[in-house]
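Asker: Quick one: this structure, given as structure tokens, is what I'll be asking you about.
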Amino acid sequence: RKEVEQDPGPFNVPEGATVAFNCTYSNSASQSFFWYRQDCRKEPKLLMSVYSSGNEDGRFTAQLNRASQYISLLIRDSKLSDSATYLCVVRTGGGADGLTFGKGTHLIIQP
Amino acid sequence: GAGVSQSPRYKVAKRGQDVALRCDPISGHVSLFWYQQALGQGPEFLTYFQNEAQLDKSGLPSDRFFAERPEGSVSTLKIQRTQQEDSAVYLCASSLALVGASGNTIYFGEGSWLTVV
């Protein structure tokens, strides 16, 4: 079983809609959680960290459920520019920063 | 430049050829990472440097893969006798602080796209 699992999609969503992704992780010792965004043929870029209390950044809301070992990302009022692959990332605190990436969820916002 | 710089951006190698991929991290960044990203997959960890010391190479898939960072700045990932399964994007990333430091953001380069034919 892969350590970080995501639905690869694609999610086809009309502009202005709300979309949510989930991600599950297997290592209960995981310490930190992130969402990265990766555009086609580009490098991953940090979108936001995910905190236990949940956090919001503009149209983006991230939630963490430690008991169930899942992380979610909610995008409200989606824009065409939100089209990208969203990578769920977990830090286990081991060597090399212990960053483990999911395969990513592909989001396509349609006009 | 201000970001992580990688070269070449694109490389086509014949099977059996050796390749060398270069990474210039952000100036002053202590930690440097190499990841491999196959098509449709997330990045997979290859190796980690803290300054010039290679502290973790557990992700290197075989002894054909070798990485170095001799002066604690520029790093080179070398792949010997390339195979078709080596075709992937090789991402370099760097961060200012040491592993595990709070708020330690990792910045990625745009990657070196390797195709082995």
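The values are calculated or read from the model by the stated rules, or taken from the named source; none is laboratory data. In this text, all values refer to a predicted model and were calculated from it rather than measured experimentally. Positions of Cβ are backbone-derived with ideal geometry, glycine not excepted, and every protein chain shown enters the neighbour counts. Surface areas here come from the heavy atoms of the whole protein model, side chains and all, with no ligands, DNA or RNA. Shrake-Rupley method; radii C 1.70, N 1.55, O 1.52, S 1.80 Å.
Asker: Note the direction-averaged projected area, equal to a quarter of the hull surface, for the Cα convex hull of chain B, in nm².
Answerer: For the Cα atoms of chain B, the hull's average projected area reads 6.9 nm².
Asker: What figure, in Å² to the nearest 10, do you get for the accessible area of B:E44 with a 1.4 Å probe and non-protein molecules left out?
Answerer: Number for this one is 80 Å².
Asker: How high is the relative contact order of chain B? Use alpha-carbon pairs under 8 Å, at least six apart in sequence, and give a whole percent.
Answerer: 36 percent.
Asker: Another question, then. Carbon-plus-sulfur fraction of the accessible area of the stretch B:1-71, 1.4 Å probe, in percent?
Answerer: Heavy-atom surface of the stretch B:1-71 belonging to carbon and sulfur, 1.4 Å probe: 48 percent.
Asker: Keeping all protein chains in the complex and leaving out DNA, RNA and ligands, what accessible area do you get for B:Y107 with a 1.4 Å probe, in Å² to the nearest 10?
Answerer: Number for this one is 110 Å².
Asker: Let me ask something else about it. Using a 10 Å cut-off on Cβ atoms, rank the peptides B:22-28, A:7-13 from the highest mean neighbour count down.
Answerer: B:22-28, A:7-13
Asker: B:R81 to A:E3: FRET efficiency via 1/(1 + (r/R0)^6), r the Cβ-Cβ distance, R0 30 Å, to the nearest 0.05?
Answerer: Calculated value: 0.50.
Asker: Could you do me a favour and compute the accessible area per residue for the stretch A:1-95, 1.4 Å probe, result in Å²?
Answerer: Accessible surface, normalised per residue, equals 49 Å².
Asker: Using the structure shown, select from A:K45/A:K103; A:K45/B:K14; A:K2/B:K11; A:K45/A:K79; B:K11/B:K78; A:K45/B:K78 the pairs with a Cα to Cα distance greater than 23 angstrom.
Answerer: A:K45/B:K14; A:K2/B:K11; A:K45/B:K78
Asker: Normalised by the number of residues in chain A, what is the relative contact order in percent for Cα pairs under 8 Å and 6+ residues apart?
Answerer: So the answer I get is 37 percent.
Asker: Please list the non-local residues whose amide H lies under 5 Å from the amide H of A:L107, H modeled 1.01 Å from N, same-chain partners needing a gap of 5 or more.
Answerer: Here the answer is A:F11, A:A84, A:T85, A:Y86, since their amide H atoms fall under 5 Å of that of A:L107.
Asker: Just checking the protein assembly as shown: which Cys have no other cysteine's beta-carbon under 4.7 Å?
Answerer: Cysteines lacking a close Cβ partner in the protein assembly as shown: A:C40.
Asker: In Å², nearest 100, what accessible area do chains B and A bury in total when the solvent probe is 1.4 Å?
Answerer: Separately minus together, B and A give about 1700 Å² buried.
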